[in-house]
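To keep things clear, I will list the structure first and then write my remarks on it.
The values are calculated or read from the model by the stated rules, or taken from the named source; none is laboratory data. Computed from a prediction, not measured in an experiment: that's the story for all the values here. Here the Cβ positions follow ideal geometry from the backbone for every residue, glycine too, while neighbour counts run over all protein chains shown.
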Amino acid sequence: MAEVKIGIEGLYKIFGPRAQSVMEDVRGGMSKQELLERHDHVLGLKDINVDVAPREISVIMGLSGSGKSTLIRHINRLIEPTSGRILVDGQDVLAMTREELIEFRRHRVSMVFQRFGLHVHKTVAENAAYGLVIQGVSVGQAKEQSRKWLDRVGLSGFENHYPSQLSGGMQQRVGLARALATDAEILLMDEPFSALDPLIRTDMQDVLLGLQEELNKTLVFITHDLDEALRLGESIAILRDGAVIQQGNPQDIILHPADDYIFDFVKDINRSRVIEAKSVMTPGESVDGPSLPHDLVLEEALPIVSAAKLNQANVVDADGQAIGSIRLGQIVAGIARPAESGDQGERYR
């Protein structure tokens, strides 16, 4: 059984004064629109069941109004649910006392917000040290500890500047340094890069991936951008109208969209740069040909297999052990955009 860091079980959120009284209707299948029209209540989340693995980046994505930001705010109980459980290392966050919740927020979980959430009257160093000060660390010591994180995110020399003197990308780096300085094991990131220009956004993604490779935090990352989700996420859950429509690893979601809604998300993705050899190979087969890493994307595998004898190659795992074979036809089929959704179970030959 896979290890779980954060377990979200049967989570519902209904916004309105009589939320409990309409739960039966929602459980019975009442839609978000019908709930609003008949009861003047808003369905935020509906029966969410998501497991977040430790030391991985788990992405929750969806369009505006899908419930993704509502969901992440339940993890640290900024929003109280209508029903359900949230377990962190087996402990129910929703059953925590006020004192336990304060301790949880101070030491075990940090949050990076979309609009940076910086104190405009504080310097960069003071902002980065803020979480440590809340923990009870002295101001001087907190600033000193936070300096290394400012340096790690590329802000060395800007300690005495104010947020208004920084670009948007630099401000978000301050927010990231502040979250990392507390040494929390869980980072919640609510569309942290969506307000940034595309080039700066890509740069921040690189910064995050580099830090994660070293720190191995448990990250829950919210985005509405599929390219960002595919680049960052080791697992992805896609929401619509407050419900999870599909969850899995990026390869599964691209190759086997659950319905037309997911298909519309993935149909224009450059599949050659995302789909890996292991996802289209024939498992357990060995052939006469070169060896390819299992996580080599098809764009890079194509010229190797095309030049190989009989247009075929073996696929090996991280230890160099053969786990299957791949042929040119499988690569071409994997790169080609499917004509329609509902092709779950398709095997590329």
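Quick notes on this one:
- The combined condition, being crowded, with 19+ Cβ neighbours inside 10 Å, under 16 Å from the mean Cα position of the chain (by Cα) and either at pLDDT 90 or above or closer than 16 Å to residue 61 by Cα (or both), is fulfilled by residue 226.
- Test: residue in the stretch 102-113 that is of a type in the set (Phe, Trp, Tyr) and assigned to a loop (DSSP other than H, G, I, E, B): yes
- Matching strands (runs of 3 or more DSSP E) fully within the stretch 1-73 where at least 1 residues are without any contact (Cβ under 8 Å) to a residue 40 or more places away in the chain: 6-15, 42-52
- Subset of the stretch 84-101 that is charged (D, E, K, R) and in a strand (DSSP E or B) - its residue that is nearest to residue 47 (Cα to Cα): 85
This table checks each residue for (1) under 18 Å from residue 195 (Cβ atoms); (2) part of a loop (DSSP other than H, G, I, E, B).
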| site | (1), (2) |
| --- | --- |
| 142 | no, no |
| 149 | no, no |
| 158 | no, yes |
| 161 | no, yes |
| 172 | yes, no |
| 176 | yes, no |
| 180 | no, no |
| 183 | no, yes |
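- Looking only at residues in the stretch 182-215 that are small (Gly, Ala, Ser) and at pLDDT below 90, the one that is farthest from residue 227 (Cα to Cα) is 195.
- Candidate set: the stretch 292-324, residues that are part of a helix (DSSP H, G or I) and surrounded by 13 or more Cβ atoms within 10 Å (Cβ to Cβ); chosen: the one farthest from the chain's Cα centre (by Cα): 311
- Test: residue 195 is touching a Gly at 6+ places or on another chain (Cβ under 7 Å), in a loop (DSSP other than H, G, I, E, B), among the small types (Gly, Ala, Ser) and assigned by TED's automatic domain parsing to the domain that holds residue 76: yes
- Residue count for the stretch 246-267, restricted to those that are loosely packed, with under 15 Cβ neighbours inside 10 Å, out of contact with any strand residue (DSSP E or B) (no Cβ under 9 Å at 6 or more places or on another chain) and touching a residue at least 40 places away in the same chain (Cβ under 8 Å): 1.
- Looking only at the stretch 108-132, residues that are in contact (Cβ under 8 Å) with a residue 40 or more places away in the chain, more than 19 Å from the chain's Cα centre (by Cα), surrounded by 15 or more Cβ atoms within 10 Å (Cβ to Cβ) and at negative phi come to 9 in all.
For every residue, the table says whether it meets (1) out of contact with any strand residue (DSSP E or B) (no Cβ under 6 Å at 6 or more places or on another chain); (2) among the basic types (Lys, Arg); (3) at pLDDT 95 or above.
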site: 6; (1), (2), (3): no, no, yes
site: 12; (1), (2), (3): no, no, yes
site: 27; (1), (2), (3): yes, yes, no
site: 31; (1), (2), (3): yes, no, no
